Structures are given as C-alpha cells and as structure tokens.
Amino acid sequence: MPLKKNWCKLGTRSRFNLQYQFMSGILAYLAAFLLYGLIGWHLWRTKWNASRQSHNTPILAAEWERYAILLPLILHGFTLYQSIFSDGGLSFGLGNAVSSIVWLTALIYWLSSFFYRIEGLQTLVAPVAAVAVLLPLAFPSLRPLANTELPAFKAHILIAMLAYSLLTIAALHALMMAVVERRLHQPTKPSVLTNLPPLLDMERLLFRVIWVGFILLTLTLISGVMFSEEVFGQPLKFTHKTLFGLVSWGIFAALLAGRQLYGWRGRIAIRWTLTGFVILLLAYIGSKFVIEVILQR
C-alpha cells in the first residue's frame with residue numbers, strides 16, 4: 001500500500017522517467033545477455049566444435065572476434081552501475097557480487113588478450129557472463145551496505161573483487177590446461193587448442209596470474225581486519241567466511257611455495273588451483289548465498 005500511495009503522488013513526468021529508466025535497464029540486461037550468448041555460440045561453433053583447421057585464418061576475423069565482446073562488456077558495466085549504485089547507497093548482494101566478479105574477469109581477460117594468446121578462454125567466459133549479467137535481477141540486494149562512505153571499506157571491496165576476478169581467470173586457465181593436456185596426443189583437436197601457446201607457456205602464465213591474485217587476496221584479508229577495527233573497534237570475527245578465506249589463502253600459498261621449492265607443475269598445479277578457487281567461492285559467494293537466499297537476511 002505505501003508503494004502504491006507514493007506512486008500515486010508522483011507526477012506524470014516523474015512516472016514517465018521511472019518507467020523509462022526501468023525499461024532501459026531491462027533492455028540493457030537483455031541486450032548484454034543476448035550478445036554474450038551469441039559470441040559464446042559463435043566461438044563454440046567455429047573453434048571448440050570444429051575439427052583442426054588450417055592456420056591460414058584471416059586476421060580480420062580474429063580481430064572481429066577480439067572486439068566483439070566489448071559491446072556486451074559496456075552494457076554489462078552499465079547494468080552493474082545502475083544496480084549497485086541505487087537509492088543513494090551501495091547495494092552489493094549476491095547477484096551484484098557474482099555479476100561484478102564475472103564482469104571484471106571478462107574485462108581483465110579482454111585486456112590481456114592483446115598481450116597473450118588466450119583466445120580459448122573467451123569461449124568459456126562468454127556463456128558464464130551471459131548468465132551472470134542476469135543475476136542481479138534473480139537475486140536483488142535486500143538492503144544497501146552500511147558504512148559505504150568509508151575509504152577503508154571501498155578499498156576493501158575493490159581489492160577483493162580484483163582478487164576474485166584474477167583467481168577466477170586462474171581457475172579457467174587451469175581448466176583450459178587440463179583440456180589441452182588430456183587431448184595433447186589425440187590426432188584431431190578443436191582448432192582453438194591448436195592456436196593456444198605451448199603448455200609450458202600456459203603454465204608460466206597461470207602462475208603469474210596466481211601470484212597477482214594471491215597478493216590481492218592477502219591484501220583483502222588484511223584490509224578486512226583493518227576495516228573491522230576501524231568501524232566496529234574490534235578484530236575481525238572468526239566466521240565460516242573467514243575460515244574458508246584463510247584456508248583458500250593457505251592453499252594458494254602452499255601452491256606457490258611448492259612451485260618455488262619443488263617445481264610443482266602440470267596436474268598438481270591444476271588440482272591445487274581449482275581446489276583453492278572452489279574454497280574461495282565457498283568463503284564469499286557461498287556465505288552470501290546462505291545468508292541472503294536461504295536465511296533471507
């Protein structure tokens with residue numbers, strides 16, 4: 001009833017503006033979803049689901065595929081801005097959090113594609129982004145976050161999202177390495193695999209990404225403690241989220257130490273990377289899902 005009364009008090013111009021904003025927002029969601037889906041379908045049909053082809057692929061086609069994801073990235077970023085910075089606060093529920101991580105992952109991948117041969121990851125990222133762009137509609141934020149005006153909180157959120165995004169790229173990269181290793185000795189492979197760098201180069205790139213993600217994850221844990229001290233005047237509470245975050249940090253630390261001391265590589269590196277990433281998902285996304293979706297708090 002209060003919503004209906006407030007709607008009735010609005011003038012015709014205000015109602016029109018609200019309806020226009022709502023419709024433009026929905027169209028942006030749908031457009032980003034369809035574009036991501038079309039790009040993923042095109043790459044799957046032409047690269048993953050095709051037999052090995054000639055390497056004389058026109059450069060123009062490769063350039064078109066590289067820039068094709070830019071438009072849905074812009075639309076995705078627009079929908080996130082509208083969804084997160086709504087009602088004068090910072091809404092960062094489950095849907096916005098996952099969508100932001102996937103958007104940053106796709107953006108970092110796109111920028112990295114100018115320096116590294118990682119074309120195959122776009123085939124994995126596009127369909128995931130197509131689903132993620134709709135998550136703020138399926139799981140809207142229940143309430144704006146408190147203390148969003150504090151610089152420590154803003155820094156914590158930014159560092160955490162970058163850490164999650166880079167470690168997501170590491171997990172996708174590890175999955176790609178697993179596929180390449182499994183199909184290495186097969187006579188025919190999807191053409192996308194033939195255009196990837198050698199497995200050793202992919203492994204070196206994997207550990208570079210993990211190193212940066214690990215440093216950002218460390219800063220996330222430290223800034224979380226500092227933010228708790230600044231706002232609540234007490235150390236960070238030991239919860240399931242904290243436990244899983246520390247376990248994930250320990251797994252990535254052990255992986256990097258094993259790489260330096262014992263030369264861990266191949267399947268060992270892939271398994272540790274994926275294990276650390278799954279536990280990291282449980283730390284943040286899993287906690288948010290339980291609290292917001294199951295417990296409705």
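The values are calculated or read from the model by the stated rules, or taken from the named source; none is laboratory data. Computed from a predicted structure; not experimentally measured. No Cβ is skipped: glycine too gets one built from the backbone with ideal geometry, and neighbour counts run over all protein chains shown.
Some values worked out for this structure:
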quantity	calculated
Hey, L221 more than 25 Å from the chain's Cα centre (by Cα) and at pLDDT below 90 or not	no
Residue match in the stretch 240-251 (condition: more than 28 Å from F153 (Cα to Cα), at pLDDT 85 or above, exposed (fewer than 13 other Cβ atoms within 10 Å of the Cβ) and not hydroxyl-bearing (S, T, Y))	no
Filter result for the condition that a residue is at pLDDT below 90, aliphatic (A, V, I, L, M) and surrounded by 20 or more Cβ atoms within 10 Å (Cβ to Cβ), over M177, M226	M177
Residue that is on the phi < 0 side of the Ramachandran plot and crowded, with 17+ Cβ neighbours inside 10 Å, where the choices are A171, A138, A155	A171
